[in-house]
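Enquirer: The structure's right below; bear with me while I get my questions together.
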Amino acid sequence: MNTLLPGTLEMLILQTLTRKSLHGYAIVQSIQQVSEDLLQIEEGSLYPALQRLLREGWVAAEWGMSARNRRVRTYRITPAGRKQLQREVSSFEKALLGISRVLRPVEL
Amino acid sequence: MRRLRRFLRLKSAGRELADEMREHLREKIEDLVDSGMARAVAEAEARRRFGNMPSLGERSRDEWGFVFAERLAQDMRYALRSVRKNPLFAAVVVLPLALGIGANTVIFTVVHAALIRPLPYYQPDRLVHLWEANPKQEPEPYGASYPDLQDWRGASRYFEGFAAYVDGFTTLSEKQQTERVTAGLVTTDFFPLLGVKPAMGRSFVAGEDQPGAPDVMLLSHAIWQRTFHGDPSIVGRSVTVGSSQVAVVGVLPAGFHFASVGDADLWFPLVPEKNQRANRFQHWMRVIARLRPGASLEQAKAEMRQIAERIARDDPAYHTGSSILINPLRDVFVGDVRPALLALLGAIGMVLLLACANVANLLLARAAVRRKDLALRGSLGASRGRLVQQLLTENLLLALTGGALGVAFAHWGLRVLVAALPADMRSHMPFLEGIGIHWRMLAFTAAVSLAMGMLFGMAPALRLSKTNLHAVLESGHRSTGGREHLRLRHGLLVAEVAISLVLLVGAGLMMRSTAKLLAVNPGFNPQGLLTLNVSLPFKTYNTKAKVGAFHDRLMERIEALPGVVGTGTVSMLPLTGGLATGGLQVVGRPDPSEKFGFSFRNISSGYLHAIGVPLIAGRNFDNRDVADGPRVVMINRKLARTAFPHDEPVSQRVVFPWINGQVEIVGVAGDENTGSLDSEVQPVVYFPYSQTLDGGWSTVVRTAGLATGVIAAVRNEVRASDPEVVVSRVRTMEQVIADAPYTVMRRYPAMLMGAFAAIALLMAVIGTYGLVAYGVSQRLHEIGVRVAMGARPADILRLVMGRSLALALAGIAVGVGSAAVLTRGLQKLLFGVKPLDPATFAVVAAVLVGAVLAASFIPARRATQVLPGVAMSGE
């Protein structure tokens with residue numbers, strides 16, 4: 001997590017929620033599964049990120065039950081969230097492009 | 001209203017969030033247990049994975065009603081953990097604070113003892129010291145003659161009474177042990193005038209100062225304890241002093257001291273001899289007086305002015321041009337110490353200021369780093385009161401540690417400071433005896449520093465309550481409040497550099513002064529010269545012939561020792577001052593009232609050769625100058641030039657007030673500085689020891705090798721000559737110079753100021769380092785971009801270090817301006833160096849620029865190693 005660019009966690013959450021509405025714990029599980037455990041998330045930092053997304057209106061939440069029959073809050077992505085995700089992905093790719101150009105070995 | 005709503009919303013959001021996070025954790029634990037992990041391990045692992053989860057614990061405890069004390073303990077643990085995590089930070093906050101508190105308390109304690117604490121007498125503010133002065137004849141003020149004192153006693157309008165004292169040495173024999181002791185000889189009204197009553201027995205009574213009265217004395221409390229082991233029946237006993245039996249009539253109280261007499265242990269009534277009672281020219285008595293209640297110093301001076309005029313009319317021969325000086329007694333006691341103390345007090349005040357600035361700077365730096373942490377805790381529901389309380393606990397921990405260490409430093413520093421003074425000088429600063437920490441000052445200093453630490457330490461929490469937590473969180477590390485903090489920190493750094501400069505300049509000036517002083521040529525060679533005092537017991541050596549015989553025998557034996565090149569005796573060692581004499585007249589001059597002041601020394605024939613003063617004209621003393629032969633003297637070149645500008649002094653005849661008949665000048669010697677290294681050479685008259693014989697003298701021994709190498713042999717020779725003869729104060733001439741007040745009063749504050757300046761420099765370096773390191777961490781993104789755009793390491797270095805160089809230069813400008821004003825206060829302590837010495841200023845400025853650049857180079861270099869990718873990735 002330490003090497004993620006700022007804002008990347010939000011992008012990952014939105015991306016995860018496009019497939020399915022999930023509660024917090026399940027989001028972590030899903031990200032780790034999808035990235036084949038390459039991305040370790042400090043789970044405590046998930047909730048501030050979710051709070052931000054909620055406030056921006058990019059995700060919505062409602063109380064429900066988990067698979068273990070516990071009272072949990074389930075998050076789903078909103079249409080505004082989907083737009084935001086597109087924006088973020090494209091700017092992220094631009095940044096990556098910039099970095100990879102700089103880091104690319106010099107060619108003659 | 002909006003704020004309140006937002007606050008309430010935040011609160012309920014916080015509670016929901018806490019529930020949610022608690023669920024998350026439980027779920028995780030269950031998963032881990034399901035996968036085969038033990039529950040306890042699973043809980044720990046879940047928490048570790050979850051990371052910092054501050055709000056959760058707090059919330060739940062709140063709900064279960066935990067008390068304040070419980071939180072305090074928790075905060076304390078948290079604070080201790082953060083100290084453990086970053087001990088260097090704790091050390092750089094705590095140590096300077098402790099040093100500042102400790103040193104400030106020590107210096108103030110000494111200042112208080114010397115300048116503020118009342119002297120141990122009745123209404124000491126009404127006590128004054130009086131001197132006669134005649135600048136044309138004598139460079140220094142001097143005491144009164146006995147007839148003068150009688151005339152002074154007539155001043156009764158603004159004076160309640162007068163008393164006189166002199167000091168001297170004698171030997172005390174008790175149970176086969178003979179020791180040399182300092183004695184005070186005082187008029188019988190001396191103790192009543194001070195308002196001091198003996199702790200045991202009685203004070204002197206009228207009549208005990210008359211010739212033929214029985215010998216009586218008072219003991220100091222110290223010698224009563226030390227030599228007589230507090231014997232309760234001491235009063236009324238007879239004790240052997242010198243050669244006579246003296247009855248003890250009383251013991252002085254424990255706290256009594258009288259600085260001008262040093263640490264006198266025996267006090268005798270002052271019994272003037274017949275000629276002392278009559279002679280107007282012998283200014284041998286030192287006079288104190290008590291002003292009437294309400295009388296001002298000005299009124300007293302006016303009254304004494306009239307008396308001085310009357311005396312000058314009655315006795316034009318010795319009092320033409322004489323005036324009477326009056327000073328508060330305390331000023332006389334404190335004397336040369338005052339400017340040094342005040343300079344140090346000023347310096348240490350600046351160190352404390354600096355320590356506070358340093359603490360502020362460091363706490364602000366950390367505040368910036370911790371903003372996000374705090375904001376996170378806040379957003380997760382920790383109340384502001386809670387955050388404030390926690391910061392308070394942390395700062396309290398640092399502050400209390402600093403305070404406790406400060407007390408230790410103060411305690412230890414005070415002892416070191418007093419012990420660093422030569423015993424000689426300490427005995428003239430009795431106010432330092434048994435000195436204890438000035439607790440109120442310590443409390444005050446500590447309170448100021450702690451308040452300072454609190455204030456700056458609290459800054460992040462206070463700021464948080466004004467800003468939107470979410471804004472802080474979103475902005476990542478580039479916190480919005482950082483700018484303001486940074487401006488404050490830049491200001492603090494400029495102040496730190498400026499204060500360091502002032503202290504370094506002060507220390508530099510005083511060190512140069514000390515060096516220049518010690519480089520002064522005293523007119524003789526102080527290297528390889530041993531000095532010692534010799535006192536003969538009067539009961540064995542009760543005639544001049546016996547004294548002379550012992551003296552000559554001892555000189556021969558010392559001279560014959562291997563390693564000894566020459567030896568001689570003198571009544572007072574070089575560079576230790578002189579006594580007023582009344583001046584000499586040259587026979588045959590048209591104006592009989594033309595007098596020349598001088599210092600006098602009684603010397604043996606080997607003295608000038610032994611210390612290395614050349615003979616310029618005429619002859620040295622030799623065996624022609626026998627005790628009952630024609631009286632002769634030698635003079636130094638300085639006196640030869642002032643008294644005999646046009647003719648040859650050798651063979652001229654002169655008249656001294658206390659010698660009947662004329663005295664022939666037989667030789668002229670080079671200029672030995674009898675006074676002090678920081679004064680001009682005085683006119684000197686040398687009398688042959690063979691004609692002045694008296695039972696105590698200083699011996700100087702010139703050695704081929706180290707002066708300390710012959711100490712044992714010289715002591716042996718004295719013991720072999722007569723075991724009852726007391727040898728004291730065995731020192732090399734270099735030690736004599738090093739221990740002299742004019743040296744100590746410069747070297748001692750120079751050393752302290754140097755230490756303070758070193759602390760200041762260290763703090764400025766820490767401050768700079770902290771600031772630059774912080775700046776670099778804040779600008780990592782920017783630097784990364786610059787590197788990506790092709791900036792070379794040198795460009796980055798210039799970018800990072802240019803800022804600190806600019807700040808250093810600003811600090812130096814402020815410092816130079818302040819130093820130019822403040823160093824004038826050092827004038828009295830300086831020697832051979834101007835307060836605005838350009839060399840000192842230049843060197844100090846260069847040192848500071850160097851230190852600041854060095855301190856900023858390390859973080860700056862780290863900045864050049866930033867890879868663009870790393871910099872862009874944020875944390």
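The values are calculated or read from the model by the stated rules, or taken from the named source; none is laboratory data. Model, not experiment: these values are computed from the prediction. Using ideal geometry, Cβ is built from the backbone for each residue, glycine included, and neighbour counts are taken over all protein chains shown.
Okay, residues lined up against (1) buried (at least 20 other Cβ atoms within 10 Å of the Cβ); (2) at pLDDT 80 or above:
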site: B:Asp19; (1), (2): no, no
site: B:Lys28; (1), (2): yes, yes
site: B:Arg47; (1), (2): no, no
site: B:Leu97; (1), (2): yes, yes
site: B:Arg117; (1), (2): no, yes
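Conditions (1) at pLDDT 85 or above; (2) of a type in the set (A, V, I, L, M, F, W, C), marked per residue:
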site	(1), (2)
B:Leu771	no, yes
B:Val816	yes, yes
B:Val844	yes, yes
B:Val852	yes, yes
B:Gly874	no, no
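Enquirer: Name, by its number, the condition in (1) of a type outside the set (Ser, Thr, Tyr); (2) under 30 Å from B:Ala113 (Cβ atoms); (3) touching a Gly at 6+ places or on another chain (Cβ under 6 Å) that does not hold for B:Val235.
Expert: Every condition holds for B:Val235 apart from (2).
Enquirer: In segment B:694-721, what count of residues is obtained for those that are surrounded by 19 or more Cβ atoms within 10 Å (Cβ to Cβ) and under 19 Å from B:Gln527 (Cα atoms)?
Expert: Qualifying residue count for the region: 9.
Enquirer: Quick one: is B:Arg39 more than 30 Å from B:Ala404 (Cα to Cα), modelled with pLDDT of 60 or more and more than 14 Å from chain A (Cβ to nearest Cβ)?
Expert: Details: more than 30 Å from B:Ala404 (Cα to Cα): yes; modelled with pLDDT of 60 or more: yes; more than 14 Å from chain A (Cβ to nearest Cβ): yes.
Judged against the criteria, B:Arg39 is a match.
Enquirer: Across segment B:703-740, what is the total count of residues that are within 33 Å of the chain's Cα centre (by Cα) and of a type in the set (D, E, K, R)?
Expert: 4
Enquirer: Does B:Ser156 meet the test of being part of a loop (DSSP other than H, G, I, E, B), buried (at least 17 other Cβ atoms within 10 Å of the Cβ) and free of Cβ contacts under 8 Å to residues at least 60 places away in the same chain? Show your work before the answer.
Expert: Values: part of a loop (DSSP other than H, G, I, E, B): yes; buried (at least 17 other Cβ atoms within 10 Å of the Cβ): no; free of Cβ contacts under 8 Å to residues at least 60 places away in the same chain: yes.
Here the answer is no, as B:Ser156 does not meet what is asked.
Enquirer: Pairs please, first residue from segment B:252-280 and under 19 Å from B:Gly207 (Cα atoms), second anywhere and aromatic (Phe, Trp, Tyr), Cβ atoms under 6 Å, 6+ apart in sequence or on different chains.
Expert: B:Pro269/B:Phe204; B:Pro272/B:Tyr146; B:Gln276/B:Tyr146; B:Arg277/B:Tyr146
Enquirer: Tell me which of these B:Ala312 doesn't satisfy, since it passes every other one: (1) of a type outside the set (Asp, Glu); (2) in the same structural domain as B:Ala423 (by TED's automatic domain parsing); (3) in contact with a His (Cβ under 7 Å, 6 or more places away or on another chain).
Expert: (2)
Enquirer: For B:Ala791, all conditions in the list (1) more than 23 Å from the chain's Cα centre (by Cα); (2) surrounded by 19 or more Cβ atoms within 10 Å (Cβ to Cβ); (3) outside any helix (DSSP H, G or I) hold save one; what is the number of the exception?
Expert: Exception for B:Ala791: condition (2).
Enquirer: Here are the criteria: (1) closer than 23 Å to B:His229 by Cα; (2) assigned to a loop (DSSP other than H, G, I, E, B); (3) of a type outside the set (Lys, Arg). Tell me which single one B:Ser173 does not satisfy.
Expert: That leaves (2) as the condition not met.
Enquirer: When you scan segment B:722-761, how many residues do you find that are among the hydroxyl-bearing types (Ser, Thr, Tyr) and surrounded by fewer than 17 Cβ atoms within 10 Å (Cβ to Cβ)? If you could, list the steps in order and put the result at the bottom.
Expert: In the first step, residues of segment B:722-761 are kept if they are among the hydroxyl-bearing types (Ser, Thr, Tyr); the result is B:728, B:732, B:742-743, B:748.
Next cut, surrounded by fewer than 17 Cβ atoms within 10 Å (Cβ to Cβ) only: B:728.
Going through segment B:722-761 one residue at a time, the tally reaches 1.
Enquirer: Across segment B:389-440, which residue is farthest from the chain's Cα centre (by Cα) among those that are assigned to a loop (DSSP other than H, G, I, E, B) and over 15 Å from B:Ile107 (Cβ atoms)?
Expert: The qualifying residue farthest from the chain's Cα centre (by Cα) is B:Gly434.
Enquirer: Can you name the strands (runs of 3 or more DSSP E) wholly within segment B:229-313 that have at least 2 residues being more than 26 Å from B:Pro124 (Cα to Cα)? Please lay out each step first, then the result.
Expert: Working: elements: B:238-241, B:244-251, B:266-269, B:286-291.
Correct list: B:238-241, B:244-251.
Enquirer: Could you tell me whether any residue of segment B:829-838 is part of a helix (DSSP H, G or I), in contact (Cβ under 8 Å) with a residue 24 or more places away in the chain and surrounded by 14 or more Cβ atoms within 10 Å (Cβ to Cβ)?
Expert: Restricting attention to segment B:829-838, the residues satisfying the condition of being part of a helix (DSSP H, G or I) are B:829, B:838.
With the extra rule that they be in contact (Cβ under 8 Å) with a residue 24 or more places away in the chain, the set shrinks to B:829.
Now narrow it down to the ones that are surrounded by 14 or more Cβ atoms within 10 Å (Cβ to Cβ): B:829.
Yes: segment B:829-838 contains one or more residues that are part of a helix (DSSP H, G or I), in contact (Cβ under 8 Å) with a residue 24 or more places away in the chain and surrounded by 14 or more Cβ atoms within 10 Å (Cβ to Cβ).
Enquirer: Turning to a different aspect of this structure: Collect the residues in segment B:540-598 that are of a type in the set (Phe, Trp, Tyr) and not in a strand (DSSP E or B), keeping them in residue-number order. Full working, then the answer.
Expert: Restricting attention to segment B:540-598, the residues satisfying the condition of being of a type in the set (Phe, Trp, Tyr) are B:541, B:550, B:596, B:598.
Residues satisfying the conditions are B:Tyr541, B:Phe550, B:Phe598.
Enquirer: Can you pull out the residues in segment B:643-668 that are among the aliphatic types (A, V, I, L, M), under 46 Å from the mean Cα position of the chain (by Cα) and assigned to a loop (DSSP other than H, G, I, E, B)?
Expert: B:Ile659 - this is the single residue of segment B:643-668 that is among the aliphatic types (A, V, I, L, M), under 46 Å from the mean Cα position of the chain (by Cα) and assigned to a loop (DSSP other than H, G, I, E, B).
Enquirer: Could you say which residue among A:Ile41, A:Ile31, A:Ile27 is modelled with pLDDT of 85 or more, within 23 Å of B:Asp31 (Cβ to Cβ) and within 14 Å of chain B (Cβ to nearest Cβ)?
Expert: Working: A:Ile41 fails: modelled with pLDDT of 85 or more; A:Ile31 fails: modelled with pLDDT of 85 or more.
The unique qualifying residue is A:Ile27.
Enquirer: Would you please list the contacts, defined by Cβ atoms under 9 Å and residues six or more apart or on different chains, that run from a residue in segment B:675-690 that is at pLDDT below 85 to a residue that is assigned to a strand (DSSP E or B) and acidic (Asp, Glu)?
Expert: From segment B:675-690, no pairs qualify.
Enquirer: Do you know which of the residues in segment A:64-85 that are among the aliphatic types (A, V, I, L, M) and away from chain B (no Cβ under 14 Å) is surrounded by the most Cβ atoms within 10 Å (Cβ to Cβ)? It would help to see each step written out before you state the result.
Expert: So in segment A:64-85, the residues among the aliphatic types (A, V, I, L, M) come out as A:65, A:67, A:72, A:77, A:80, A:85.
Now restrict to residues that are away from chain B (no Cβ under 14 Å): A:77, A:80, A:85.
Details: A:Ile77: 22, A:Ala80: 13, A:Leu85: 20.
So the residue we want is A:Ile77.
Enquirer: Return yes or no: is B:Leu193 outside any strand (DSSP E or B), touching a Phe, Trp or Tyr at 6+ places or on another chain (Cβ under 8 Å) and not hydroxyl-bearing (Ser, Thr, Tyr)?
Expert: Values: outside any strand (DSSP E or B): yes; touching a Phe, Trp or Tyr at 6+ places or on another chain (Cβ under 8 Å): yes; not hydroxyl-bearing (Ser, Thr, Tyr): yes.
Taking the combined requirement at face value, the residue satisfies it.
Enquirer: Among the residues of segment B:762-775, write down those that are among the hydrophobic types (A, V, I, L, M, F, W, C) and either surrounded by 22 or more Cβ atoms within 10 Å (Cβ to Cβ) or touching a His at 6+ places or on another chain (Cβ under 7 Å) (or both).
Expert: Filtering segment B:762-775 down to residues among the hydrophobic types (A, V, I, L, M, F, W, C) leaves B:762-766, B:771-773.
Once the filter is applied, which keeps residues that are among the hydrophobic types (A, V, I, L, M, F, W, C) and either surrounded by 22 or more Cβ atoms within 10 Å (Cβ to Cβ) or touching a His at 6+ places or on another chain (Cβ under 7 Å) (or both), segment B:762-775 yields B:Met763, B:Ala764, B:Leu771, B:Val772.
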